[in-house]
Amino acid sequence: MTKESANKAGQGLFVTMEGIDGSGKSTQLGMLAENLRSRDLDICVTREPGGTEIGECLREIILHNAQSVCDNAELLLLFAARAQHIAQVIQPALQEGRWVLCDRFTDATFAYQGGGRGIQLSIIEKLESMVQGDFRPDCTLLLDVPAETSAERTSGRGNSHDRIEMLDLVFKQRVRQTYLDRQLVEPTRIFLIDGLASIASVQEEICRIVNVLDSRLPDDG
């Protein structure tokens with residue numbers, strides 16, 4: 001099948017990019033978007049928290065509010081932003097046959113709020129069920145780097161750190177481990193990628209995975 005026929009058949013794919021801060025996910029997501037656009041695919045690039053006017057307002061509160069946001073409030077704000085994001089951006093784009101590339105999604109909530117903050121995973125699962133039902137990404141690309149690498153890379157960002165990026169090394173290690181644990185449970189959805197490889201090598205592996213997924217889409221008619 002061609003990439004064009006996938007869109008005509010209304011077969012959009014939902015691809016998420018995950019990883020701890022400094023893993024290179026945002027750079028790789030932008031490169032993947034350009035790669036897919038070069039094949040005449042209709043791409044929607046978005047992010048979490050954010051992606052909508054409401055979501056971006058909540059993002060500012062979550063990441064940059066000078067007042068400390070308690071852990072439970074942070075969790076609820078994330079799912080509030082996600083509910084709006086799914087309803088207003090993600091699902092409509094997929095229904096139009098567009099590919100949706102999202103910088104972070106619910107796996108990040110399990111990793112950061114569950115693994116990092118220590119919120120019970122069962123609570124996150126209940127919110128996930130309420131907000132998403134059975135809705136999940138078709139593919140999640142997990143860029144893995146050690147917590148030490150994350151700290152080194154993010155330290156070069158000057159004063160642009162958000163509240164999450166400034167958390168300590170032990171926190172980052174817990175987040176990374178939770179990501180890895182989730183990949184072991186869902187290896188057919190979450191693809192583990194070595195974030196220490198060169199930018200070109202990482203992108204090559206990402207494109208290989210996405211091409212395999214695209215080849216499995218049903219032909220139109």
Review point. Roughly how many debye, to the nearest 20, is the charge dipole of the chain about its Cα centre, given +1 on each Lys and Arg Cβ, -1 on each Asp and Glu Cβ, and no other charges?
Key: 120 debye
Point to revise | Rounded to 10°, Cα long-axis angle of helix 121-132 versus longest principal axis of the chain | key: 40 degrees
Check your understanding: Just going by the charge dipole of the range 1-156, with Lys and Arg at +1 and Asp and Glu at -1 on Cβ, which of Leu13, Cys57, Ala80 is farthest out on the positive end?
Key -> Leu13
Check your understanding: Can you give me the relative contact order of the chain as a percent, contacts being Cα pairs under 8 Å and 6 or more apart?
Key -> 33 percent
Point to revise | Positive dipole terminus of the chain, leading residue within Leu41, Cys102, Gln132 (C-beta point charges) | key: Gln132
**Study point:** Cβ-based exposure ranking for Met17, Met130, in which fewest neighbours within 10 Å come first
**Key:** Met130, Met17
Review point. Please state the equivalent ellipsoid semi-axes for the range 3-215: what are the square roots of 5 times the Cα gyration tensor eigenvalues, largest first, in whole Å?
Key: 26, 21, 16
Revision key, fill the gap. By Cβ neighbour count within 10 Å, fewest first, Ser68, Ser150, Ser26 rank Ser68, Ser26, Ser150
Review point. Listing His85, His64 from the residue with the fewest other Cβ atoms within 10 Å to the one with the most, what is the order?
Key: His64, His85
Study note, to complete from the structure: Percent of all Cα-Cα pairs per 5 Å bin for the range 49-131, counting from 0 up to the last occupied bin, reads 3, 14, 25, 24, 19, 9, 4, 1, 0
**Study point:** Student exercise, the range 73-202 dipole from Lys, Arg, Asp, Glu Cβ charges, in Debye to nearest 20
**Key:** 180 debye
Review point. By how many nm would the segment from Ser122 to Ile209 grow when fully extended, if each residue of separation counts as 0.36 nm and the alpha-carbon distance is taken off?
Key: 28.3 nm
**Study point:** C-alpha long axis of helix 169-185 to longest principal axis of the chain, angle in °
**Key:** 40 degrees
Review point. In a shell of Cβ-Cβ distance under 12 Å around Gly115, excluding Gly115 itself, what net charge do Lys and Arg (+1) and Asp and Glu (-1) give?
Key: +3
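Bear in mind that the values in this text are calculations on the coordinates, not laboratory data. What you see is a predicted model, and the numbers here were worked out from it, not measured in a lab. Note: ideal-geometry Cβ built from the backbone for every residue, glycine included; neighbour counts use all protein chains shown.
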